[in-house]
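The values are calculated or read from the model by the stated rules, or taken from the named source; none is laboratory data. Just so we're clear, the structure is a prediction, and the values are computed from it rather than from any experiment. All Cβ positions, glycine included, derive from the backbone under ideal geometry; neighbour counts span all protein chains shown.
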Amino acid sequence: MCTNLLIGVPSNPNQRPPDLTKTFVSARALEMPGIIEQSVYVMPSNQSWPLQAVNPVAAVKGWTTLQWTNRYGFVGIAPSGSNWTSLPTFNDGINSEGLSVGGLWLAPDTMYPALGSGTKGTQVSFLDFPAWILGNFASVDDFTAALKTITVVGPAPGQPYYIPLHYIVTDSTGQSAVIEFIEGKTIVYPSTNAVLTNWPTYDWQLTNVKNYFNLTLVGNGTSTSGAGNPVGGGLVGLPGDSLSASRFVRATILSQGISQLPADGTGWLPAPGVFPTTPPSKNPPGFAGSEQTAVMVALQLTQICMGTPYGMLLQTKVNSQSTTGTPATTPPSYTTTYGDYTMWTSVRDHTHRKYYFMSAFSGLLTMIDLNSLNFATTPAYPNAASIAVLPQGDAPWSVDATKLLTPAMGQAPLQNVG
């Protein structure tokens, strides 16, 4: 299960005349059961594709017949460990031009064009598709135009290495496109908010969300009497379960809030800010500026719409020696174990070219600044620079602020009265 969304926040709030330039930030969460070892990799701008796997998997060798060299470097998430050298494939990332791609689960409808159906030299495996996008394009328009010249192929359902995916591509202008593969055909949808979840297909989700036309984020304020229309009262009926259709509705409705605030940031940026009226302050104080607000709001929205803590969704296993410690028996033995959980959440700052991620077992938001990377000289595959998304061992997972504690301002230190 996965959820993707996009927000736009004024980049330079409270200017006179108003500056309507926006910072675009998208975010997504990845949810799967079990353990998937993944890392964030830096791929150089001169990397040749398709990657020549160190330990090639015969079943997928030759699926991509097109050859190219990255025009743009990018940062993205891919399998690590032995999978990195045998089946390197990206499912999320952003490139040096601020264009991102995310691969999300779409079962049971996904059916790729058949292997070998592309004309000579134009066949790209769905496993290489995200890297082709990130390495070659700076805008959604350029990508969608080039998509018409290739055939994205993959195995049929039930065959080895079949993974049912659809994709969301977003550029630095906030323009987005959704790509799905249905009945062997490639379908492209424009998207204004980059909201994407899982099954059913995108066109069904767009129709279903219209059933919630009555929901609103606007209220009269926090109620002190229990009467009236308090903040949040307009969201009665918003679905709260973990199913894909419900998450699509939540992400669509909740991500609209930012766009309903003053377009130039007046009164709410910096967040929450103090805004003197005479004379107007050019840069009023606040807890967070535009960039920080955009990143944190996108992160929190994604986690509200999707975030599933480890151990919240459960499933049963039958005759599972790995989970029960006993061999298969008759009658069958059952055990309850953890199901899907949010392994990681990524935030892509399309304007400032930064990539953030947070894992299931760490509250630390980790950032990679693409502006500080030299994509022309960074090591190529298989030696690309990387960092684990789910680090093992004693990796930091919190910040110890104990030594930063100071006496309260204007208050005498506590006296020992014992």
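Here are a few things to note about the model shown:
- Among the residues listed as ALA395, ALA376, ALA384, ALA401, the single one being at pLDDT 90 or above and surrounded by 10 or more Cβ atoms within 10 Å (Cβ to Cβ): ALA384
- Qualifying positions in the range 331-354 - within 15 Å of ILE7 (Cα to Cα) and either surrounded by 22 or more Cβ atoms within 10 Å (Cβ to Cβ) or hydrophobic (A, V, I, L, M, F, W, C) (or both): SER346, VAL347, ARG348, ASP349, HIS350
- Failed item, numbered, when GLY221 is tested on (1) surrounded by fewer than 15 Cβ atoms within 10 Å (Cβ to Cβ); (2) assigned to a strand (DSSP E or B): (2)
- Matching entry among ALA138, ALA145, ALA107 (being surrounded by fewer than 19 Cβ atoms within 10 Å (Cβ to Cβ), closer than 29 Å to HIS350 by Cβ and without any contact (Cβ under 8 Å) to a residue 24 or more places away in the chain): ALA145
- Subset of the range 146-203 (residues that are of a type in the set (Ser, Thr, Tyr), in a loop (DSSP other than H, G, I, E, B) and over 30 Å from LYS22 (Cβ atoms)): THR149, TYR161, TYR162
- Scanning the range 31-47 for residues that are within 17 Å of PHE129 (Cβ to Cβ) and either free of Cβ contacts under 8 Å to residues at least 60 places away in the same chain or not in a loop (DSSP other than H, G, I, E, B) (or both) yields TYR41, MET43.
- Residue match in the range 247-265 (condition: without any contact (Cβ under 8 Å) to a residue 40 or more places away in the chain, out of contact with any strand residue (DSSP E or B) (no Cβ under 8 Å at 6 or more places or on another chain) and either loosely packed, with under 15 Cβ neighbours inside 10 Å or not in a loop (DSSP other than H, G, I, E, B) (or both)): yes
- Of the residues making up the range 165-183, those that are in contact (Cβ under 8 Å) with a residue 40 or more places away in the chain and touching a Pro at 6+ places or on another chain (Cβ under 8 Å) are TYR167, SER176, PHE181.
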